[in-house]
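Read the structure below first, then the notes.
The values are calculated or read from the model by the stated rules, or taken from the named source; none is laboratory data. Only a predicted model underlies this, so the values are computations on that prediction, with no experimental measurement involved. Cβ coordinates were reconstructed from backbone atoms using ideal geometry, including for glycine residues, and neighbour counts include every protein chain displayed. Keep in mind that these areas ignore ligands, DNA and RNA; they rest on the heavy atoms of the full protein, side chains included. Shrake-Rupley method; radii C 1.70, N 1.55, O 1.52, S 1.80 Å.
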Amino acid sequence: MLVRIGSRGSRLALTQAELAARVIRRAGQEVALVPITTAGDRDRSSPFGQIGARGVFVKEIEEALLSGRIDVAVHSAKDMTSSDTEGLAVGAYLERDDPRDALVGAGAITPGMRIGTASVRRKAQLLALDPSLSVEPLRGNIETRLRKARERGLDALVLAACGLDRLGLDGEIGLRFPVETMLPEAAQGALALQVRAGEEELVAGGDAPETRRRVEAERACVASVGAGCLAPVAAHHDGKRLEALIAAEDGSWIERRSGTHAADVAEALLAASRERQAA
């Protein structure tokens with residue numbers, strides 16, 4: 001049987017798709033990689049909220065899976081919407097890599113720095129750390145963002161550490177932010193192998209149960225908050241407790257809550273957010 005694996009076409013996405021291909025080859029299947037262009041790939045300048053509300057890096061890949069053009073979709077789990085798409089299921093989460101954010105171009109945050117990122121979550125936490133920072137929009141794949149940062153004379157940029165690690169660019173990292181300082185995106189560092197519902201066995205051999213437990217708690221918390229990936233929301237499970245935050249985009253306030261149950265943490269965050277907005 002030939003298993004068609006769909007992913008975005010960037011170097012990082014294809015590197016990640018090859019990790020999924022190894023899982024399927026171990027089960028004795030042949031594999032073909034199918035690059036798919038998403039809305040987020042076509043528009044590399046607009047803020048994510050202007051491109052579409054649903055996951056801008058997954059929609060077209062999910063549609064290809066639903067229509068039968070591919071058999072497995074490989075996603076950076078953080079790019080997925082916080083709730084599962086009807087008719088599809090995550091058949092495996094591969095063992096998680098470093099979930100932290102990384103500072104590139106500098107070894108520390110200093111007052112007045114110009115820092116590039118397209119993430120409102122990162123922007124909010126950076127400005128909460130130091131309101132004197134100038135946080136500037138910066139989109140594109142990893143290589144493009146590294147180039148743009150140099151061309152624009154930025155002091156630093158913030159990227160997911162796992163992407164740099166997977167591309168062998170870990171030497172670019174000046175600082176891996178402790179999660180106490182910069183709480184990661186829900187599911188950051190994890191790869192999700194998505195299949196049609198009922199076909200989970202196709203990739204089940206690659207599933208990492210502990211990664212699944214943590215990532216599903218993080219995604220459930222964000223889904224309960226209802227903020228999706230466009231709001232300053234973060235969630236990270238360290239194996240014992242789930243910690244999550246919600247923030248104002250300008251960093252003027254951040255509320256963190258932690259606990260063992262995603263629904264309880266989400267409710268505490270929502271209550272804190274309502275109090276902030278009513279003040």
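Assign one of three labels to region 60-117, namely rounded, prolate or oblate, based on the Cα gyration tensor with a ≥ b ≥ c the square roots of its eigenvalues; rounded applies when a/c is under 1.5, prolate when it is not and a/b is larger than b/c, and oblate otherwise. Judged from the Cα gyration tensor, region 60-117 comes out prolate (a/c at least 1.5, a/b above b/c).
Taking every DSSP bridge with both residues inside the chain, close to 70 percent are antiparallel.
Of the residues G259, L269, L138, the one whose Cα sits farthest toward the positive end of the charge dipole of the chain, with +1 on the Cβ of Lys and Arg and -1 on the Cβ of Asp and Glu, is L138.
Summing charges over all other residues whose Cβ lies under 15 Å from the Cβ of A272, with Lys and Arg as +1 and Asp and Glu as -1, gives -1.
The Cα atoms of region 106-260 give a gyration tensor whose axes a ≥ b ≥ c have a/c of 1.5 or more with a/b no greater than b/c, which makes the shape oblate. Which angle between 0 and 90 degrees, to the nearest 10, do you get for helix 209-225 versus the longest principal axis of the chain when only C-alpha atoms count? The helix 209-225 is inclined about 60 degrees to the chain.
Less than 5 angstrom separates the built amide H of L175 from those of L103, all sequence-distant by 5 or more or on a different chain. Between the amide H of V31 and those of V3, distances stay under 5 Å, these residues lying 5 or more places away or on another chain, with hydrogens modeled in the peptide plane. Any idea what log10 I(q)/I(0) is at q = 0.12, 0.20 Å⁻¹ for region 169-279, Debye with uniform C-alpha scatterers and no solvent? These q points yield log10 I(q)/I(0) values of -0.49, -1.07.
DSSP beta bridges confined to region 91-224 are antiparallel in about 65 percent of cases. For the chain, relative contact order (Cα pairs under 8 Å, six or more residues apart, normalised by length) works out to 22 percent. Sorting 256-269, 3-16 by their mean Cβ neighbour count within 10 Å, with the most densely packed peptide first, gives 3-16, 256-269. Report summary: the helix-based calculation at 222 nm, which adds -39500 (n - 2.57) for every DSSP H run with n ≥ 4 and divides by the residues of the chain, gives -10000 deg cm²/dmol. Compute the Cα gyration tensor for region 122-193, then decide on rounded, prolate or oblate, letting a ≥ b ≥ c be the square roots of its eigenvalues: rounded whenever a/c is under 1.5, prolate when a/b is larger than b/c in the other cases, and oblate in all that remain. Cα axes put region 122-193 in the oblate bin.
For a paramagnetic label modelled at 7 Å from the Cα of R114 toward its Cβ, which residues of region 249-263 fall within the zone defined by backbone nitrogen distances under 20 Å? Under cut-off, by backbone N: nothing. Computed 3J(HN,Hα) for region 266-275, one whole-Hz value per residue from the Karplus formula 6.51 cos²θ - 1.76 cosθ + 1.60 where θ = phi - 60°, is 4, 5, 5, 5, 4, 5, 5, 5, 4, 5, glycine and proline marked x. Ellipsoid semi-axes for the chain, based on the Cα gyration tensor and the rule √(5λ), read 30, 22, 17 Å when sorted largest first. Straight-line cross-link partners of K59 among the lysines, defined as a Cα under 28 Å from its Cα and at least 8 positions apart when in the same chain: K78, K123, K148. Principal axis extents of the C-alpha atoms in region 1-158 (largest first, rounded to whole Å): 57, 31, 26.
Note that the chain presents 43 Å² accessible area per residue, ligands and nucleic acids not counted, probe 1.4 Å.
Overall, the accessible surface of the chain at a probe of 1.4 angstrom is composed of carbon and sulfur to the extent of 49 percent. Amide hydrogen proximity for L88: with H placed 1.01 Å from N in the peptide plane, the residues at 5 or more positions away or on another chain lying under 5 Å are A197. Against the criterion of solvent-accessible heavy-atom surface with a 1.4 angstrom probe, F177, F57 sort, most first, into F57, F177.
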